[in-house]
Structure formats: C-alpha cells, structure tokens
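First the structure, in the form of structure tokens, and then the observations on it.
No value in this document is a laboratory result; all are computed from the given coordinates. The structure displayed is predicted, hence computed values, not measured ones. Heads up, the Cβs are rebuilt from the backbone with ideal geometry, glycines too, and the neighbour counts pull from every protein chain shown.
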C-alpha cells in the first residue's frame, strides 16, 4: 500500500512539473470531489497552434481498481437512443479553454432502459485524445479522487 501511495505522489509531482514547462494541452480539475457533487474540468491548449480534440462529446472516465484503470459507462447517447450525431473532432485554438462537467454517475442499460448509478469513493481519471493534426492521436489525463 505504501508503494502505491508513493508512486501516486511521485506521479502527481511529475505531472505538476511537466505542466509548468510543457507546451502540451493541460487538464485542470479539482483533485478531490465529494460524492453527490459535479466535477468541472477544463482542457486548455497551451501550445502556439491549434490542436484537435477527438470525440469531444464523449466523457471518458476511468476508475482505478487494484492498480488497473477500468472504463466507466458514460455514453453520449445511452441505450441506443436516437440522438443527434456528435462531432468527431473539435478544433481547439491556442489558449482556448474547453470546459466539461461530469455528474459522478455511470449510465447503464438494463432491458433497454437507462439506469444511473453514483460512483463509489476512489481514485478516478478523466481522459482526452487529441492531436496536432487530425490523424495523430495522443492521450492526456488528469487524476482525481471521489470521496
């Protein structure tokens, strides 16, 4: 357990140092959010040129379970509903902030009916895929705690 805590603290320190010197986009979010609240997070393009955010309407949240990151069910259009098609790509110009929120709920389908479930306490991360062009894909993430 001590090794996991030490690794997590080291990772957070490295993320902070890299964020201060990097021209890569950054994700800003609270480090801890209480259950029943809403997580607000921003992707900021710190570079001098546009980046492309892939699947910008899809919230990508992962939960840490015993050291393994597991995807949560947070679909844009749950249970096969007829929803307007989301954009595949969003251009984010230099210094632009894109703000997102997540209600700390998973969305599951049972008998073609949506069931929402609040997430449990634990370690989570938000994940974005972006590129400096529309073919390249890089992954960026921000870890937070639900407590």
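Values as computed for the structure displayed
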quantity: Base-10 log of normalised Debye intensity for segment 60-111 (one unit scatterer per alpha-carbon) at q = 0.17, 0.24, 0.32 Å⁻¹; calculated: -0.81, -1.10, -1.24
quantity: Relative contact order (%) - segment 46-123, alpha-carbon pairs under 8 angstrom, separation at least six; calculated: 35
quantity: Extension gain (nm, one decimal) between residue 70 and residue 50, 0.36 nm per residue minus Cα-Cα; calculated: 4.2 nm
quantity: Packing-based exposure ordering (other Cβ within 10 Å, fewest first) of 30, 74; calculated: 30, 74
quantity: Scattering profile of segment 16-124 at q = 0.17, 0.24 Å⁻¹ [log10 I(q)/I(0), Debye over alpha-carbon scatterers]; calculated: -1.00, -1.38
quantity: Computed label-point distance, nm, for sites residue 97 and residue 81 using a 7 Å Cα→Cβ extension; calculated: 2.9
quantity: Length gained when the stretch residue 89-residue 133 is fully extended (0.36 nm per residue, less Cα-Cα span); calculated: 14.8 nm
quantity: Estimated [θ] at 222 nm from DSSP helical runs (n ≥ 4, -39500 (n - 2.57)) normalised by residues in the chain, nearest 500; calculated: -4500 deg cm²/dmol
quantity: Segment 67-147: Rg to Rh, with Rh as the Kirkwood radius over Cα pairs; calculated: 0.99
